[in-house]
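Engineer: The structure's right below; bear with me while I get my questions together.
The values are calculated or read from the model by the stated rules, or taken from the named source; none is laboratory data. Remember, predicted model here, so these are calculated numbers, not experimental data. Cβ placement follows ideal geometry from the backbone for every residue including glycine, while neighbour counts extend to all protein chains displayed.
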């Protein structure tokens, strides 16, 4: 029962199981790194990028490869514009496959690998689901980092607008204004998301960085509005 289930998971995550001929490693090129092997039985493993993979010989879950490409992990193109339904479907499929119940009768080592994979899948999903974190991650993959606390590339008028909104949110008994601000923030985030998409399409990473910096300000405002409407 378990062997059949394990083989099914292997096919779902890693694709069709290789034949004996295809699973044999080719002669390594001089100076090349040795082919990865299963930690449990020592069989050669096919290269699978950052995907959770099982040994084609003994079906043992392998440890995560790092650092993973979060786009590839969730079956998405490395792009700012992704299919959210596809992202959600892949996430649910992986979480089912990595559920602790499937590894309850396995070794502690394999259970630990399952938890590590599950944590990576959760992080990947949360990162790619949000346009802001997805954009920042895409910048990082291209060697561009948006430093904390920097306002470079943001015009003074924009910062003034943000300051005025913050001051309005700090005023007491301003429920009507909060509703107005919430609608304004929603419109601005939609506009910024579209512009970030265009910047990535043109491979203009500096423009994408500047727009994402502005998006961070509006996301912070959005959080403040939520806290104001639903105080803990």
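Engineer: For the range 134-149, name all the residues that are touching a residue at least 12 places away in the same chain (Cβ under 8 Å) and surrounded by fewer than 16 Cβ atoms within 10 Å (Cβ to Cβ).
Structural biologist: Hits for the range 134-149 are 141, 142, 144.
Engineer: Cβ-Cβ under 9 Å, sequence separation 6+ or interchain: first residue in the range 85-103 and in the same structural domain as residue 62 (by TED's automatic domain parsing) and loosely packed, with under 12 Cβ neighbours inside 10 Å, partner in a helix (DSSP H, G or I) and modelled with pLDDT of 90 or more. Which pairs?
Structural biologist: Sorted first by the residue in the range 85-103, then by its partner, the pairs are 100/111; 100/114; 100/115; 100/118.
Engineer: Another question, then. Hey, does the range 35-53 have a residue that's outside any loop (DSSP other than H, G, I, E, B), in contact (Cβ under 8 Å) with a residue 40 or more places away in the chain and touching a helix residue (DSSP H, G or I) at 6+ places or on another chain (Cβ under 9 Å)?
Structural biologist: No, the range 35-53 contains no residue that is outside any loop (DSSP other than H, G, I, E, B), in contact (Cβ under 8 Å) with a residue 40 or more places away in the chain and touching a helix residue (DSSP H, G or I) at 6+ places or on another chain (Cβ under 9 Å).
Engineer: Enumerate the pairs (first residue in the range 65-79 and closer than 18 Å to residue 135 by Cβ; second residue anywhere and at pLDDT below 90) with beta-carbon separation below 6 Å, excluding pairs fewer than 6 apart on the same chain, so at least 6 apart or on different chains.
Structural biologist: Once the first residue is closer than 18 Å to residue 135 by Cβ and sits in the range 65-79, its partners that are at pLDDT below 90 give 69/50; 72/49; 72/50; 73/50.
Engineer: Pick out the one residue from 220, 210, 173 that is loosely packed, with under 15 Cβ neighbours inside 10 Å and in a helix (DSSP H, G or I).
Structural biologist: Step by step, each of 220, 210, 173 is checked, and only 220 is loosely packed, with under 15 Cβ neighbours inside 10 Å and in a helix (DSSP H, G or I).
Engineer: Only one residue in 63, 85 is farther than 23 Å from residue 208 by Cα and not in a helix (DSSP H, G or I), so which one is that?
Structural biologist: Going through 63, 85 in turn, the sole match is 63.
Engineer: Something else: Among the residues in the range 156-169, are any farther than 30 Å from residue 228 by Cα, part of a helix (DSSP H, G or I) and in contact (Cβ under 8 Å) with a residue 24 or more places away in the chain?
Structural biologist: Looking through the range 156-169, none of the residues is farther than 30 Å from residue 228 by Cα, part of a helix (DSSP H, G or I) and in contact (Cβ under 8 Å) with a residue 24 or more places away in the chain.
Engineer: So if I check each of 43, 35, 28, 60, which one is at pLDDT 75 or above, surrounded by 10 or more Cβ atoms within 10 Å (Cβ to Cβ) and more than 29 Å from the chain's Cα centre (by Cα)?
Structural biologist: Step by step, each of 43, 35, 28, 60 is checked, and only 43 is at pLDDT 75 or above, surrounded by 10 or more Cβ atoms within 10 Å (Cβ to Cβ) and more than 29 Å from the chain's Cα centre (by Cα).
Engineer: Here are some residues: 121, 196. Which one is touching a helix residue (DSSP H, G or I) at 6+ places or on another chain (Cβ under 7 Å), surrounded by 11 or more Cβ atoms within 10 Å (Cβ to Cβ) and in the same structural domain as residue 82 (by TED's automatic domain parsing)?
Structural biologist: 121
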